[in-house]
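Input: a single structure, listed below in structure tokens.
Each value in this text was obtained by applying a stated rule to the coordinates, not by laboratory testing. Just so it is clear, the structure is predicted and the values come from calculations on it, not from any experiment. With ideal geometry, Cβ positions are generated from the backbone for all residues, glycine too; neighbour counts draw on all protein chains shown.
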């Protein structure tokens, strides 16, 4: 498995693999989504099933006219109906990946989370995975959860780590280095997530997550900077060399993500995990690049046939 | 009041003011503390009362020999005793600022927090203020709490905001723009701190914090990036232009601080607030510059006589 260290490399690997995943897009009615569709068609990284609502057919028709072999259009009447239809296409095996266009996230997630007709398996945990490419870090940095789960329970932490390390492996990180983030190295019942971290490390030692290195609690700098670890006298395969940062709560995850996209020159790709197929839910403030990389990530990690 | 926009300007303003604050240093036994003392003496920004323990007299004696007019040495037997003695010097008005050397933080804080003989007034709230200078932000960014209070209560939020806006004003920010950080703009009882934020904004509107702009909940990027605010249709005097970020919990604050010192090229200065005199508690992983700027900040914001 090729080790993917950058988004450029990710796109190239996707092109080389030559399997164009079929992406069901819910309401591709905005300029950003159109950009992602066009660029994916041009770069040969995906095909599209565009599911439109009645009020916004025109962009989809235009996209199909420009690339009839890469685009199919499905007409529905409302955004909610478009979401249900797109999910049904994924469930039927006609699409591999689900992507959000101009529809509010709650409406899309209602269709995804529907118990009978959705994409979350029984007992599944929906989570958010952010992948960051930083100018001063030698590899991609995986982060959860910066957007979906407010305060992970132990069961949720387990599901999140399991899903994330699977994605790491799909990107060639055979033995992911997982840092359990806190503000210090102390385990304390004042901070219940640090007690969960102890359990997660036991799980890891017993092989629950396959081959991984896992360490923590540790702060985000110690996780990514060997020098900080040395100053603190810390040494482990994770310290200074993390692949995956697991955050204790959504505010901490979100702040990390926002700080680095704004001040750290980070490029990002994000997807939802826990579902039976990758789901891409671009955020309004994401750049066009970020939305394109998100779709490339989802297509690349989709299991089967490739 | 001069508006301070960078640490270089802070040091210059301190030099121009010509009042050398008297800094009581607890156990100045390590190379980093010695560096800060020497640089402060050379640049004329402070004088020192070095409180040594019996095992480590030598560095203090050397520093006094090199600068007899800027250094006094106080001998005690143990680090704990040194902490108590240094706090007593501040209480007696013989020192203006307290600084930690090579003593563990818990021992220092025990002396600072002592009910009868410490530096925290009755009902006072000890908090941590981080000031960050970022290559891509046009002014200093103030952040609390990244290191001391795990989950601020409403009363603690009030105290923290009050202390921080005072420091902002000492640095010439007449009407600080305060962003109450969350992962979104939604107020929800699922996130109790967002309810506190509503109360804080009411407080602000009633003048509790003097002249301030206060807004939130908002995410860290919206607070510091006008474009992100525009994309979301948000507009306020705070959006994209925050002076002070108030974090909902210590993990979020700590992650922001660590992310930007590691990946954002941030220089930093930190101090404790809520005490009767500024207290500087450098962290092991701080750079020498950061420790020097921290002391300069504490000296500059110390009230009275300057």
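A few remarks follow.
- On Cα atoms only, tilt of B:250-263 relative to the major axis of chain B in degrees: 80
- The antiparallel fraction among DSSP beta bridges confined to the protein assembly as shown stands at about 30%.
- The alpha-carbon atoms of the range A:249-306, seen along their principal axes, cover 39, 26, 17 angstrom, with the largest extent given first.
- Distance between the pseudo-spin-label points of residue A:287 and residue B:276 (7 Å out from Cα toward the beta carbon): 5.2 nm.
- Placing one equal scatterer on every Cα of chain B and applying the Debye formula, the log10 ratio I(q)/I(0) at q = 0.11 Å⁻¹ is -0.65.
- Modelled FRET efficiency - R0 51 Å, residue A:154 with residue B:16, Cβ distances, 0.05 increments: 0.35
- Taking B:277, B:66, B:220 as the candidate residues, the one with maximal mean-square fluctuation in a Gaussian network model of chain B, Cα springs under 10 Å, is B:66.
- GNM flexibility winner over chain A from A:11, A:280, A:231 (Cα, springs under 10 Å): A:231
- Bins of 20 Å, starting at 0 and running to the largest distance - Cα pair percent for the protein assembly as shown: 19, 48, 26, 7, 0
- 15 Å reach of a label modelled at residue B:201, 7 Å along Cα-to-Cβ, counting backbone N of the range B:235-273: B:235-240, B:246
- When A:16, B:169, A:57 are sorted by how many other C-beta atoms sit within 10 angstrom of their C-beta, beginning with the fewest, the order is A:16, A:57, B:169.
- The range A:271-292 and the range B:36-71: distance between their alpha carbon centers, rounded to Å: 56
- Using a cutoff of 8 angstrom between alpha carbon atoms and counting only pairs six or more residues apart, the relative contact order for chain B works out to 22 percent.
- Averaging over all projection directions, the Cα-based convex hull of the range A:215-292 occupies 6.5 nm² in the image plane.
- Sorting B:48, A:157 from the fewest to the most surrounding beta carbons within 10 angstrom yields A:157, B:48.
- Pairs of alpha carbons in the range A:127-267 whose separation is greater than 25 Å (percent): 17
- The mean number of partner chain beta-carbon atoms within 10 angstrom of a residue's beta-carbon across peptide A:280-291 is 2.
- Other copies of residue B:62: label-to-label distances in nm, shortest first, labels 7 Å along the beta-carbon direction: 7.2
- Sorted by Cβ density within 10 Å, fewest first, the residues B:117, A:185: B:117, A:185
- Relative to the current alpha-carbon distance between residue B:69 and residue B:211, full extension at 0.36 nm per residue lengthens the span by 47.0 nm.
- Average beta carbon contacts from partner chains per residue of A:215-222, 10 Å cutoff: 4
- Share of pairwise Cα-Cα distances greater than 18 Å in the range A:66-154 is 59 percent (whole percent).
- For residue A:233, inter-copy separations between label points set 7 Å beyond Cα along the Cβ vector come to 5.6 nm, shortest first.
- Cα-Cα P(r), the range B:188-240, percent of pairs per 10 Å interval: 25, 43, 31, 1
- Ratio of the Cα radius of gyration of the range B:18-120 to 2.2 N^0.38 Å, where N counts its residues: 0.98
- Prolate/oblate/rounded call for the range B:111-208, Cα gyration tensor, a/c under 1.5 rounded: oblate
- A Gaussian network model of chain A, with springs between Cα atoms under 10 Å, assigns the largest mean-square fluctuation among A:23, A:148, A:165 to A:148.
- Per-residue average of Cβ from other chains inside 10 Å of A:242-251: 4
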